[in-house]
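Accompanying notes for the structure given below.
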Amino acid sequence: MTSSSRVPKAVGVHRTRIEWIDTDAAGIYHNSTVIRFVEAAEARLMDERGLHGYFPAAPRVHYEVDFEAPLRFGQKTRTTVELTAIGTTSMTFRFDVWGEEFQGRPAHRAAHGRYVTAHIDRAPSGEAAGRPWPPEWIAALQGGTRAPAERRPY
């Protein structure tokens, strides 16, 4: 990231329930479930801003998570992803995964962390190279407006 700017609040939220497939035999969620929930919240954010070509052009280059408490089969969850910085070729996000009140246990934060994505452009050879974020993507994320309907192929 060569330059960075703070951005107005850009948040995506994903609500779901812990399903059996998300758990181990004890009914407690797998750590990999967090990544799916975070990406679903990120997808909601990008969809709300009209950035439908974002995911193929924005691989994760750094990911860290702290696990605080278990989530259990059947428990409702809320995952929030917030864009915290936009650089020339990268974006930084923070996230929280919350378990809602369940079987007499109060709501609690189950995991939190941060990750960085980088903007790439694939050459016809398949090689990927870092590229600056398209100005209309930055405008959509900073201004809270949708990107223009006509999208460039990223």
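The values are calculated or read from the model by the stated rules, or taken from the named source; none is laboratory data. None of these values were measured; they are calculated from a predicted model. We place every Cβ from the backbone using ideal geometry, glycine too, and count neighbours over all the protein chains shown. In case anyone asks, the SASA skips ligands and DNA or RNA and just uses the protein heavy atoms, side chains included. Shrake-Rupley method; radii C 1.70, N 1.55, O 1.52, S 1.80 Å.
Things worth noting here:
- For the stretch 24-33, the set of residues classified as part of a helix (DSSP H, G or I) and surrounded by 13 or more Cβ atoms within 10 Å (Cβ to Cβ) consists of T33 only.
- Checking the stretch 60-83 against the condition returns a match, with at least one residue being under 17 Å from I138 (Cβ atoms), in a strand (DSSP E or B) and in contact with a helix residue (DSSP H, G or I) (Cβ under 7 Å, 6 or more places away or on another chain).
- Just one of the listed residues (R44, R36) is in a helix (DSSP H, G or I), within 15 Å of L141 (Cα to Cα) and either open to solvent by 80 Å² or more (accessible area, probe 1.4 Å) or touching a residue at least 40 places away in the same chain (Cβ under 8 Å) (or both), namely R44.
- The residue that is nearest to the chain's Cα centre (by Cα), among those in the stretch 95-124 that are assigned to a loop (DSSP other than H, G, I, E, B) and either among the aliphatic types (A, V, I, L, M) or surrounded by fewer than 18 Cβ atoms within 10 Å (Cβ to Cβ) (or both), is E100.
- Considered as a group, the residues in the stretch 108-127 that are small (G, A, S) and free of Cβ contacts under 8 Å to residues at least 24 places away in the same chain include one that is farthest from R78 (Cα to Cα), and that residue is S125.
- Filtered residues of the stretch 50-84 (kept if open to solvent by 10 Å² or more (accessible area, probe 1.4 Å) and small (G, A, S)): G53, A69, G74
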